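What follows is a single structure, written as structure tokens, with notes after it.
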Amino acid sequence: MNLHELVEQARAVRIRSHAPYSGFKVGAALETVGGGIITGCNVENASYGLTICAERVAVVKAISEGETKFTRIVIVTDTEVPTPPCGACRQILWEFAGDIEIVLANLTEVKATYRLADLLPLPFDGRILGKN
Ligand code: THU
């Protein structure tokens, strides 16, 4: 899948964001190794702490659909300074996607690209539990 298509899908799903409390709409598009795309938007709740970020929605959708190998994720917000994934999303992405590419974009351009290992140094994961 080309990056342009991935970014467009993240922009499109962002419109479905349920963010009446923060007003901060986020879209994510997770690419599978097979070139498929699984999208997610943030879903807020009146009980604020139950809010789910766009990235985690994409990951849990993917796992539930039987997708287990990923190459990159695009995160889109309507901001000049791009939005990096929060700490919780970094941890979840590490669990299911490992050291993928993280592409940050807004409504008009791609702003930055990182590796997850650089955003989550010294991760806590299954290796520490002796599980892999
Ligand atoms: N949010 C995401 O969906 N992803 C991020 O990477 C950062 C934060 C959401 C959570 C909440 O709905 C809103 O943005 C404001 O924090």
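The values are calculated or read from the model by the stated rules, or taken from the named source; none is laboratory data. This structure is a prediction, so every number in the text was calculated from the model and none was measured. We place every Cβ from the backbone using ideal geometry, glycine too, and count neighbours over all the protein chains shown. Heavy atoms of the whole protein, side chains included, go into the accessibility calculation; ligands, DNA and RNA do not. Shrake-Rupley method; radii C 1.70, N 1.55, O 1.52, S 1.80 Å.
Quick rundown of the values:
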{"quantity": "In segment 113-127, the residues that are open to solvent by less than 60 Å² (accessible area, probe 1.4 Å) and of a type outside the set (Asp, Glu)", "calculated": "116, 117, 119, 120, 123, 126"}
{"quantity": "Residue satisfying condition, being within 24 Å of residue 132 (Cα to Cα) and near the ligand (Cβ under 8 Å from one of its atoms), within set 89, 53", "calculated": "89"}
{"quantity": "When residues of segment 8-34 are limited to those that are small (Gly, Ala, Ser) and open to solvent by 20 Å² or more (accessible area, probe 1.4 Å), the one farthest from the ligand (Cβ to nearest atom)", "calculated": "34"}
{"quantity": "Residue identified as of a type outside the set (Lys, Arg) and under 15 Å from residue 13 (Cα atoms) among 33, 103, 76", "calculated": "76"}
{"quantity": "Within segment 39-56, tally of residues that are buried (at least 23 other Cβ atoms within 10 Å of the Cβ) and either touching a strand residue (DSSP E or B) at 6+ places or on another chain (Cβ under 6 Å) or within 17 Å of residue 6 (Cβ to Cβ) (or both)", "calculated": "4"}
{"quantity": "Of all residues in segment 68-112 being touching a strand residue (DSSP E or B) at 6+ places or on another chain (Cβ under 6 Å) and among the basic types (Lys, Arg), the one that is least open to solvent (accessible area, probe 1.4 Å)", "calculated": "72"}
